[in-house]
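A.B. asks: Let me begin by handing over the structure; questions about it come next.
The values are calculated or read from the model by the stated rules, or taken from the named source; none is laboratory data. This structure is a prediction, so every number in the text was calculated from the model and none was measured. As a convention, Cβ positions derive from the backbone with ideal geometry for all residues, glycine included, and neighbour counts pool all protein chains shown.
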Amino acid sequence: MPEPFQTDENVYLYRCFASSILPRLVRQTSLSRYSVDAHLLRLALSHAPLLGALVSIAAMWTVSQSKHQSSLAVKSYLFAIDSLRKGIEDGAFVGNEDWLLATTTLLCLFENTRYDSLPNPGCHVQASGRILSLRAPRPRNSSQELLVFERVCIESFLYHAVLTSLFDSSIGCGSMIPDGLDLQGYFSDPAHPNAIGPGASPSTQPVLGASYKFFVLLADLVQLSRTSLIPGANYVRDWARLRDEFSHAWRGRNGAQNGPGDSVGTLYAVCIEMLLLLTDHQPNERFLNSFETLLSRGLGIIAGLQIDTWFSYYYLWPLLLIGSVAVGETDRKIITQKVDWVWGIRQTGPVLLTKKRLELVWNEGNRYEQFGRRVMITAQFRALLEENAS
């Protein structure tokens with residue numbers, strides 16, 4: 001173990017991470033080859049900043065065992081960040097090292113496991129994207145161990161770059177995905193050549209649970225939604241392109257897949273149709289009827305939704321979006337009950353952030369109650385996209 005992590009406690013936390021945490025960082029429905037990232041574990045034994053990030057997650061995970069674990073987690077997290085900052089200042093990094101990519105990935109994960117404050121993963125997401133864009137995807141005939149490591153890192157990056165954008169408007173999901181990032185190269189899998197587009201098996205997507213192209217579609221839609229709020233913005237062509245892409249490639253396929261009945265995939269499809277309806281440059285008289293139908297479908301799914309808290313953003317994203325346009329007391333109660341249920345299982349930063357975001361947008365909507373549902377919906381949707389929870 002590299003310094004300053006040569007204590008029995010840190011050895012214990014390293015083993016805890018390897019045996020109890022690392023397997024949970026990929027979906028339980030994924031192929032067995034993704035369940036162990038031996039390359040990352042070996043790298044941590046040689047690079048102190050990476051080990052610091054690893055220990056910070058394990059310490060936060062075991063925080064119920066001792067109050068000391070919380071301070072150890074933060075201390076290890078800050079050690080990793082300070083070490084990276086010093087290395088950058090000294091010009092010690094090339095920028096595409098495996099251990100560096102692993103460190104930024106785990107720092108982002110730490111932000112989602114902490115109990116002591118709101119998550120702030122933006123800078124770590126941006127760093128991961130930059131590192132991935134500086135690298136070239138490994139040849140597909142590389143060892144399985146190296147390909148698993150790379151695949152988990154790229155999926156973790158895309159997961160956070162897209163799904164955290166609704167929680168923090170300073171994270172522009174479009175700009176978080178660098179132009180030079182070779183997504184197709186990273187996701188190419190000769191063993192599963194059909195695992196890129198619609199219909200891809202969740203078992204071949206260890207973190208995303210769906211084709212990366214589905215998440216790129218989500219990123220584009222959130223970006224377009226923000227553009228639609230700018231007076232005079234011309235986004236008609238982009239809106240039509242995304243509508244056609246969803247209709248032709250994803251509608252009916254439930255792009256985000258998870259579990260029996262694929263209720264999460266259906267919920268995401270409802271959210272996408274909502275976004276397209278809310279950003280339609282030519283809203284018609286049937287807006288409220290169409291909207292109420294979608295809202296009713298979404299709330300019906302949410303009421304029975306089973307949530308894996310290790311992938312909280314994946315489930316909280318549609319809860320936040322649908323919650324942000326719920327204006328009736330009964331509808332809001334369905335959202336609140338589900339978020340409170342998740343909070344009762346794990347009181348982590350993403351759940352707290354969801355509660356704060358919903359409080360913010362609902363307070364904004366209540367200011368316009370006298371003007372009717374349509375105005376309240378618009379006000380809340382704008383508040384979701386423009387404001388930051390604090």
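A.B. asks: For Ser83, work out the one condition from (1) more than 30 Å from Arg357 (Cβ to Cβ); (2) at pLDDT below 95; (3) of a type in the set (S, T, N, Q) it doesn't fulfil.
C.D. replies: (2)
A.B. asks: Within the range 238-247, is there a residue that is touching a residue at least 12 places away in the same chain (Cβ under 8 Å) and either part of a loop (DSSP other than H, G, I, E, B) or of a type in the set (Gly, Ala, Ser) (or both)?
C.D. replies: The answer is no, given that none of the residues of the range 238-247 is touching a residue at least 12 places away in the same chain (Cβ under 8 Å) and either part of a loop (DSSP other than H, G, I, E, B) or of a type in the set (Gly, Ala, Ser) (or both).
A.B. asks: Going through the range 80-108 one residue at a time, which ones are among the β-branched types (Val, Ile, Thr) and assigned to a helix (DSSP H, G or I)?
C.D. replies: Correct list: Ile81, Ile88, Thr103, Thr104, Thr105.
A.B. asks: For the range 109-199, give me every one of the helices (runs of 4 or more DSSP H) that falls completely inside it and has 2 or more residues that are modelled with pLDDT of 90 or more.
C.D. replies: Fully inside the range 109-199 and qualifying: 122-134, 144-163, 183-187.
A.B. asks: Another question, then. Of all residues in the range 75-120, count the ones that are hydroxyl-bearing (Ser, Thr, Tyr), surrounded by fewer than 20 Cβ atoms within 10 Å (Cβ to Cβ) and within 20 Å of Thr348 (Cα to Cα).
C.D. replies: Residues meeting the conditions: 2.
A.B. asks: Another question about this same structure. Mind checking whether some residue in the range 98-108 is out of contact with any Phe, Trp or Tyr (no Cβ under 9 Å at 6 or more places or on another chain) and modelled with pLDDT under 95?
C.D. replies: No: zero hits.
A.B. asks: Take Thr227 and decide whether it is more than 15 Å from the chain's Cα centre (by Cα) and either buried (at least 18 other Cβ atoms within 10 Å of the Cβ) or not polar (S, T, N, Q) (or both).
C.D. replies: Criteria not met by Thr227.
A.B. asks: Just the residues that are under 23 Å from Glu245 (Cβ atoms) and either acidic (Asp, Glu) or in contact (Cβ under 8 Å) with a residue 60 or more places away in the chain (or both), please, taken from the range 272-312.
C.D. replies: Glu273, Leu278, Asp280, Phe287, Phe291
A.B. asks: Then there's this: Select from the range 2-43 the residues that are crowded, with 20+ Cβ neighbours inside 10 Å and more than 24 Å from the chain's Cα centre (by Cα) and write down the one among them that is modelled with the lowest pLDDT.
C.D. replies: Per the stated criteria, the residue is Phe5.
A.B. asks: Take residues that are within 18 Å of the chain's Cα centre (by Cα) and buried (at least 20 other Cβ atoms within 10 Å of the Cβ) and tell me which of the helices (runs of 4 or more DSSP H) falling wholly in the range 277-390 contain 3 or more.
C.D. replies: 312-323, 349-366
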